[in-house]
Amino acid sequence: MLEKFNQDIINAMKAKDQTRLTVLRMVKGAMQLDSINNKKELNDEVLIDNISKQIKLRNDSIVEFEKAGRNDLVEKNKNEIEILKEYLPQQLTIEEIDKVLEEAFDKVRPTSTKDMGSIMREVTPKVKGRADMKVVSEKIKEKLSAL
């Protein structure tokens with residue numbers, strides 16, 4: 001996937017697709033910084049982590065731009081998110097997320113909302129990059145509050 005990502009940067013340059021090129025370069029810069037700071041080798045996992053972070057940042061920006069009435073920036077961020085989503089693995093459905101949560105709850109056997117961290121530690125490696133962690137977190141809180 002990392003090779004495809006790097007090839008897409010070159011293709012965007014050749015096609016003079018400024019939007020795509022800007023977004024991909026931003027991710028590449030974030031990846032390189034993450035790699036240097038955390039002494040990690042550049043690989044698909046680093047790529048997925050950074051793309052997920054970039055999508056989260058843009059979603060947060062969209063909320064703020066909507067409050068300010070900046071529809072032009074909302075559309076720009078939505079377009080960038082669509083470009084970034086091309087590099088994420090197939091996203092899990094709600095049913096698949098629920099199944100992973102059921103398995104985690106069976107394994108951890110939480111008794112209260114204080115067990116949120118234990119559940120997250122169990123679930124995160126299974127869904128990271130394949131599901132919106134905000135949705136996962138909300139579903140866990142919902143299940144814990146029902147205990």
Is segment 46-61 home to any residue that is of a type in the set (Ser, Thr, Tyr) and modelled with pLDDT of 90 or more?
yes
Please go through segment 38-50 and give me each residue that is without any contact (Cβ under 8 Å) to a residue 60 or more places away in the chain and closer than 18 Å to Ile9 by Cα, ordered by number.
Leu42, Asn43, Asp44, Val46, Leu47, Asn50
Is segment 98-106 home to any residue that is surrounded by fewer than 17 Cβ atoms within 10 Å (Cβ to Cβ) and among the β-branched types (Val, Ile, Thr)?
no
If the Cβ limit is 7 Å and pairs must be 6+ apart or interchain, which residue in segment 18-37 that is part of a helix (DSSP H, G or I) pairs with which residue that is among the polar types (S, T, N, Q)?
Thr19/Asn79; Met26/Gln54; Val27/Asn50; Val27/Gln54; Ala30/Asn50; Ala30/Gln54; Met31/Asn50; Asp34/Asn50
Can you pull out every residue in segment 24-56 that is of a type in the set (D, E, K, R), within 18 Å of Lys78 (Cα to Cα) and within 14 Å of the chain's Cα centre (by Cα)?
Lys53, Lys56
Identify, from the list Val100, Val63, Val74, Val136, the residue that is in a helix (DSSP H, G or I) and under 30 Å from Gln7 (Cα atoms).
Val74
Just to check your reading of the model, which residue among Lys128, Lys85, Lys107, Lys78 is basic (Lys, Arg), in contact (Cβ under 8 Å) with a residue 40 or more places away in the chain and touching a helix residue (DSSP H, G or I) at 6+ places or on another chain (Cβ under 8 Å)?
Lys128
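The values are calculated or read from the model by the stated rules, or taken from the named source; none is laboratory data. Predicted model, so just to flag it, every value in this text is computed and none were measured. Counting neighbours? That spans all protein chains shown, and the Cβs are built from the backbone with ideal geometry, glycine included.
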